[in-house]
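Peer 1: Let me give you the structure first, and then I'll get to my questions.
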Amino acid sequence: MSVLIALTIVGPLAASGFGLLVRERHRLRDAITLMGLSATALAAVALLIDVQRNGTTVVRVGGWDPELGIVLVADQFASLILVVATLTILVVDIFAIGQRGTASTGDQTVVGPMLLVLTAGVSLAILTGDLFTLFVAFELILVSSYVLLTHQGRAAQLRSGMTYVVINLLASTLFLFGLAYVYAATRTVNIALLAERIPELDNGVRLGIGLWFLVVFGTKAAMFPLFSWLPDSYPTAPTTVTAVFAGLLTKIGVYVMIRFHTLTGMDDLGPIILVAAGLTMIVGVAGALAQNDVKRILSFHVVSQIGYMLMGLGLFTVAGVAGAVLFLVHQIPVKTVMFLVGGLIEDDQGNSSLDRVGGLAARRPIIAVLFAIPALSLAGIPPFSGFVAKLSLIDAGLDAGSIAIVVVALVASMFTLLSMSKIWLGVFWREPTPPSEPESSKASKRTMGGATMAAVAGTLAVVAFAGPLWTMSEEIARDLLDGQTYIDEVLGTDRGGVAAP
């Protein structure tokens, strides 16, 4: 189904171009954005169904051999994450349309088109089968995300946007140096061929490559100690932007890290990754406890939750990697909905400072419910999706005998619950405060509330389909750790032109 793969990348870019041409005609631009994102999401769903029925789809762009050409790969891992990612962006765009015209949003003419460009970059990063195209995808994401961060032109946004860009450009520079070194050592940047050739390199060279790309992808994922750009960048951006960033961008870094480090057999780095995972959990949640603003608390939790996915990867077992995959699927909608609820709080109160808001449980009970469900999930309370995902990781850690990281994960979960309680007591349980003026229209409130409810439903769907998702996650983990399955699917039986140097 190569057409579906092309549609998830080319479709959003084409729709973005049309959207920019009519950006001053709001209704037409919004309609184009919605149609583009809906078509991309439907193509992703159809691709997942096809992969489940017929196996991995591989597209060799231009018919070139994998050693030199661009290869796009839709396996179970890629198609599953692609579905969750595209549906998430679609929901956020609906929220953005509802939020349009409120006093806090400012100029929105480029938001829809840039979301489409971001979607194309995310799709390309998920589907690519070579590191150079991955670099291009990261740059596409970086350009669109910078515009989304700074399009309102506020001083705080420009300052934090510059920090975001500088750190990510540094990571991109390191990525280019890494590409050059990998190509010099293996004569390829194709991931399937790297899965064959990197394990054959000298141990020092192999581990050097693994550490180098751990830093590159770890910066994108906001892993400790490479996370400093995130807590300052996210709170200053508009709600729709922070929701997409929190739900997706760091998770794409984790996705790539899981794929690269498992396929290339970097299990020797397991202890280092586990240490980084534990520090990421604790430093992130400690930062959250120290904050007094909803957005800043949630931004530090983006960092903290990355540690759980790194924990699964660092175990380098089927159960651990499967737990990381399931946690990734759970985190994308949960983090998105948390920031959307933060947007609803700001829309009602005019700000999200815990010192200046209160009483929403009595006055806006719907917002309270929409916050409580993902908050309990984030803390790992049963029966929500966070409990299922964290239980799988804790069980994997116990099976592997990694007691220390299990203890750290449980402590971080308790602190997460404490910080969620801090938001609850401050925003929902204190003396009621009057709504901000001017308030959004009823139509805008309904649209924003409906989009947030859809995101909450996504978190509940993870629980409802936990069994099939866990089965799929185990299959994905086996294929990634085995490596040979991915190699055979991408390269096929015809190995002409791809022999090792």
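The values are calculated or read from the model by the stated rules, or taken from the named source; none is laboratory data. Nothing here was measured: the structure is a model prediction, and the numbers come from that model. Note: ideal-geometry Cβ built from the backbone for every residue, glycine included; neighbour counts use all protein chains shown.
Peer 1: Condition test on P333, is it in contact with a Ser or Thr (Cβ under 8 Å, 6 or more places away or on another chain), within 13 Å of L298 (Cα to Cα) and part of a helix (DSSP H, G or I)?
Peer 2: no
Peer 1: Something else now. Please indicate, with yes or no, whether at least one residue in the stretch 191-199 is in contact (Cβ under 8 Å) with a residue 60 or more places away in the chain, assigned to a helix (DSSP H, G or I), surrounded by fewer than 20 Cβ atoms within 10 Å (Cβ to Cβ) and under 24 Å from the mean Cα position of the chain (by Cα).
Peer 2: Looking for residues that are in contact (Cβ under 8 Å) with a residue 60 or more places away in the chain, assigned to a helix (DSSP H, G or I), surrounded by fewer than 20 Cβ atoms within 10 Å (Cβ to Cβ) and under 24 Å from the mean Cα position of the chain (by Cα), one finds none in the stretch 191-199, hence no.
Peer 1: Among the residues of the stretch 20-58, write down those that are within 20 Å of the chain's Cα centre (by Cα) and among the hydroxyl-bearing types (S, T, Y).
Peer 2: Across the stretch 20-58, the qualifying residues are S38, T40.
Peer 1: Right, next: Consider S419 against the criteria (1) under 23 Å from the mean Cα position of the chain (by Cα); (2) farther than 30 Å from R363 by Cβ: it satisfies all of them except one. Which criterion is unmet?
Peer 2: For S419, the exception is condition (2).
Peer 1: Looking at the structure I just gave you, is K335 surrounded by fewer than 24 Cβ atoms within 10 Å (Cβ to Cβ), over 29 Å from G483 (Cα atoms) and in contact (Cβ under 8 Å) with a residue 12 or more places away in the chain?
Peer 2: No: the conditions fail for K335.
Peer 1: When the stretch 54-72 is examined, which residues are found to be aliphatic (A, V, I, L, M) and crowded, with 17+ Cβ neighbours inside 10 Å?
Peer 2: Hits for the stretch 54-72 are V58, V59, I70, V71, L72.
Peer 1: All but one of (1) touching a residue at least 12 places away in the same chain (Cβ under 8 Å); (2) farther than 16 Å from T262 by Cα hold for G210, so report the exception by its number.
Peer 2: Answer for G210: the failing condition is (2).
Peer 1: I would also like to ask the following. (1) more than 30 Å from R100 (Cα to Cα); (2) in contact (Cβ under 8 Å) with a residue 24 or more places away in the chain; (3) of a type outside the set (S, T, Y): which one isn't true of G401, the others all being true?
Peer 2: (2)
Peer 1: Within the stretch 279-287, identify whether any single residue is of a type outside the set (F, W, Y), in a helix (DSSP H, G or I) and farther than 21 Å from V408 by Cβ, and answer yes or no.
Peer 2: Taking every residue of the stretch 279-287 in turn, none turns out to be of a type outside the set (F, W, Y), in a helix (DSSP H, G or I) and farther than 21 Å from V408 by Cβ.
Peer 1: Any residue that is closer than 29 Å to S352 by Cβ, assigned to a helix (DSSP H, G or I) and touching a residue at least 24 places away in the same chain (Cβ under 8 Å) - is there at least one of those in the stretch 17-29?
Peer 2: Yes; the residues of the stretch 17-29 include at least one that is closer than 29 Å to S352 by Cβ, assigned to a helix (DSSP H, G or I) and touching a residue at least 24 places away in the same chain (Cβ under 8 Å).
Peer 1: Can you tell me how many residues within the stretch 124-171 are in a loop (DSSP other than H, G, I, E, B) and modelled with pLDDT of 85 or more?
Peer 2: Total satisfying the criteria: 1.
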